[in-house]
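The values are calculated or read from the model by the stated rules, or taken from the named source; none is laboratory data. Since the model is a prediction, treat every value here as computed from it, not as a measurement. Heads up, the Cβs are rebuilt from the backbone with ideal geometry, glycines too, and the neighbour counts pull from every protein chain shown. Areas reflect the complete protein model, heavy atoms only, side chains present, ligands, DNA and RNA absent. Shrake-Rupley method; radii C 1.70, N 1.55, O 1.52, S 1.80 Å.
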Amino acid sequence: FGLLREIVARRYFGVEGAGINAFTIAFQVPNLVRALVADAALSSAFVPVFSELLEKGERARAWRVASSLIWILLLGLTAVTALFILAAPWVMALFGYGGGETGDLAVTLSRILFPIVVLLGVFGIVVGVLNSYEHFTVPALTPVFWNLVIIAGLVIGVPRADSTEGELYVYAGSIVAGTLIQLLLPLPWLTGLDGRIRLAIDWRDPAVKRVFVLMLPVTLGLGLINVNALIGTFFAARYIDRTIAPSAVDAAFRIYMVPQGMFSVAVATVLFPALARLAARRDDEAFRNTVGLGLRQIAFLLVPASVAFAVLAEPIVRLLYQRGEFGAHETEVVAGALAAFSLGLTFNGAMLMLNRAFFGLQAPWIPTWVALGNLILNTALFALFYRVGTWGIPFAISLANVAGTAALLILLRRRLGEVEDRRTARSTVLIATAAIPLALISYGVWRVLDDVLGRSFGGQFVSLAAALAVGGAAYAFSCRLLGVRELNALLSLRARPAPPA
């Protein structure tokens, strides 16, 4: 649904033009603040503490801690949001939007979007509670409704706007409305648990303090990743082409995030509470096995996605985006960025899993220092590769992902010993080998069908779908021949008996 939202947005706005690139900057700044003080940062710090209290049987205290955090966040993040709304003109000026109509537009859009920080702060605690009780379905589905609200806002509101600025205001307002609905949807499921949120601010509780102590490095670690993306946007806007480069990288990133959200985020989210419990029990062997399992499953799912993005980047972008305001030139630029992103896809998923491992161990400073090193490395790579054009920004990010994964693996081994290294390395080599036929066959099938069927929407859909289907079958067959165990785990789901009624 996020991809569908992006398709609709690109239909109306494309990626080239001052307005949509101002929107991209205006959205990324509150998104950075959100990463620093809300949402994922909060959940990553909150879940280990809340899970540990549940594991010890201190359920009443666990719920009091959750309640205290929600009210503290409401007060604190409202103040942060107000501060950034006042400072918006100076913040936007850093990216070259310091005056004129485009600068005023960027400032107004950022002010409309900043309230999502407050909403996502509360949402982070709600999701953390539900995940600690191993309720994943509802939190996972809330982004579906977030996207549907935005899509409805675009389809209904944009055609009725009388200017480009008005269309972008509709887009921003739809994001805020969708974020509010995303927060409200999971609240009823809290009532079915063995506690409830109440009006309480027990800031003296050591567990509340521990969440904020843990949150500091988690915030820095996750925030540095988003600062990294913002620095990339800065290079794209300042030194490449502010009328296309920022939005082109963002459009490619949205496609890149589809397998990340479907696979690596899903695997890491489901395994994170288990890792927190195993760490609380000090069961190092089971902890290592769980991390190794997560890394192998992520490799099994993301390596073929990475290969498909690399060889089919242009037809994928053309099918998804090229209509309305999005033309052939935009397709070429975005496809180059997507191919560059594909190099680091699997490594980014591995970093997510390894970060969760350190968060579960309540050792968040380790990934924080790695993220800081990655930020320095990535900034140097941005300065080196921006000269090649827009695709240099995602290529630099991919190289930094490789380095970050290696650093996290080395540091986790120092803490826990071997993390099923040989088994994971063997599986990864076999998976990469099995992906070679996927690359050759999928590209060959697409090339033949594209020549025969042409570039109508139906023709493009059939040629790309057939290429991905045949390539995927070749990958699965190769995995079977090579004895990739992760395929057996997937196939076992088909034979699993249905649960009793």
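Summary of values
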quantity	calculated
Qualifying residue in the stretch 169-186 (condition: of a type in the set (S, T, N, Q) and without any contact (Cβ under 8 Å) to a residue 12 or more places away in the chain)	no
Residue satisfying all of: in the stretch 166-206; assigned to a helix (DSSP H, G or I) and more than 28 Å from the chain's Cα centre (by Cα); modelled with the highest pLDDT among these	Gly166
Residue that is nearest to Thr290 (Cα to Cα), among those in the stretch 359-373 that are outside any helix (DSSP H, G or I) and of a type in the set (A, V, I, L, M, F, W, C)	Leu361
Some residue of the stretch 151-165 being modelled with pLDDT under 90, within 29 Å of Ile70 (Cβ to Cβ), out of contact with any Leu (no Cβ under 7 Å at 6 or more places or on another chain) and outside any helix (DSSP H, G or I)	no
Positions within the stretch 385-401 being touching a residue at least 12 places away in the same chain (Cβ under 8 Å), open to solvent by 30 Å² or more (accessible area, probe 1.4 Å) and over 15 Å from Asn228 (Cα atoms), in sequence order	Trp391
Residue under evaluation Phe326, criteria (1) under 30 Å from Glu16 (Cα atoms); (2) at pLDDT below 90; (3) open to solvent by 50 Å² or more (accessible area, probe 1.4 Å), criterion not met	(3)
Pick from the stretch 1-48, criterion among the acidic types (Asp, Glu) and open to solvent by 10 Å² or more (accessible area, probe 1.4 Å), ranking: modelled with the highest pLDDT	Glu16
Matching entry among Val311, Val317 (being open to solvent by 20 Å² or more (accessible area, probe 1.4 Å) and under 23 Å from Gln260 (Cβ atoms))	Val311
Checklist (1) under 15 Å from Gln460 (Cα atoms); (2) part of a helix (DSSP H, G or I) applied to Arg323, failing item	(2)
Enumeration of residues in the stretch 49-91 that are in a helix (DSSP H, G or I), open to solvent by 50 Å² or more (accessible area, probe 1.4 Å) and under 23 Å from Arg356 (Cα atoms)	Glu55
Residue among Phe287, Phe300 that is touching a helix residue (DSSP H, G or I) at 6+ places or on another chain (Cβ under 8 Å) and farther than 30 Å from Val470 by Cα	Phe287
Matching residues in the stretch 417-433 - criterion: being surrounded by fewer than 20 Cβ atoms within 10 Å (Cβ to Cβ), in a helix (DSSP H, G or I) and small (Gly, Ala, Ser)	Ala425, Ala432
Output for the stretch 92-102, where each listed residue is in contact with a Pro (Cβ under 8 Å, 6 or more places away or on another chain) and open to solvent by less than 60 Å² (accessible area, probe 1.4 Å)	none
Of the criteria (1) modelled with pLDDT under 85; (2) crowded, with 16+ Cβ neighbours inside 10 Å, which one Gly232 fails	(1)
Qualifying positions in the stretch 174-196 - more than 15 Å from Leu148 (Cα to Cα), among the hydrophobic types (A, V, I, L, M, F, W, C) and open to solvent by less than 40 Å² (accessible area, probe 1.4 Å)	Leu190, Leu193
Residue tally, condition assigned to a helix (DSSP H, G or I) and of a type in the set (Asp, Glu), over the stretch 1-27	1
Only listed residue being open to solvent by 60 Å² or more (accessible area, probe 1.4 Å) and without any contact (Cβ under 8 Å) to a residue 60 or more places away in the chain, chosen from Leu381, Leu377, Leu408	Leu377
Those residues of the stretch 111-140 which are open to solvent by 30 Å² or more (accessible area, probe 1.4 Å) and in a loop (DSSP other than H, G, I, E, B), in sequence order	Pro115, Tyr133, Glu134, His135, Phe136
Residue satisfying condition, being modelled with pLDDT under 90, under 21 Å from Leu199 (Cα atoms) and not hydroxyl-bearing (Ser, Thr, Tyr), within set Gly96, Gly128	Gly128
Criterion: among the basic types (Lys, Arg), open to solvent by 40 Å² or more (accessible area, probe 1.4 Å) and in contact with a Gly (Cβ under 8 Å, 6 or more places away or on another chain) - qualifying residue of Arg288, Arg282	Arg288
Residue satisfying all of: in the stretch 342-356; under 14 Å from Arg296 (Cβ atoms) and of a type in the set (Gly, Ala, Ser); most open to solvent (accessible area, probe 1.4 Å) among these	Ala350
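Conditions (1) open to solvent by 40 Å² or more (accessible area, probe 1.4 Å); (2) assigned to a helix (DSSP H, G or I); (3) at pLDDT below 80; (4) touching a Lys or Arg at 6+ places or on another chain (Cβ under 9 Å), marked per residue:
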site	(1), (2), (3), (4)
Asn226	yes, yes, yes, yes
Met257	yes, yes, no, no
Gln260	no, yes, no, no
Pro273	no, yes, yes, no
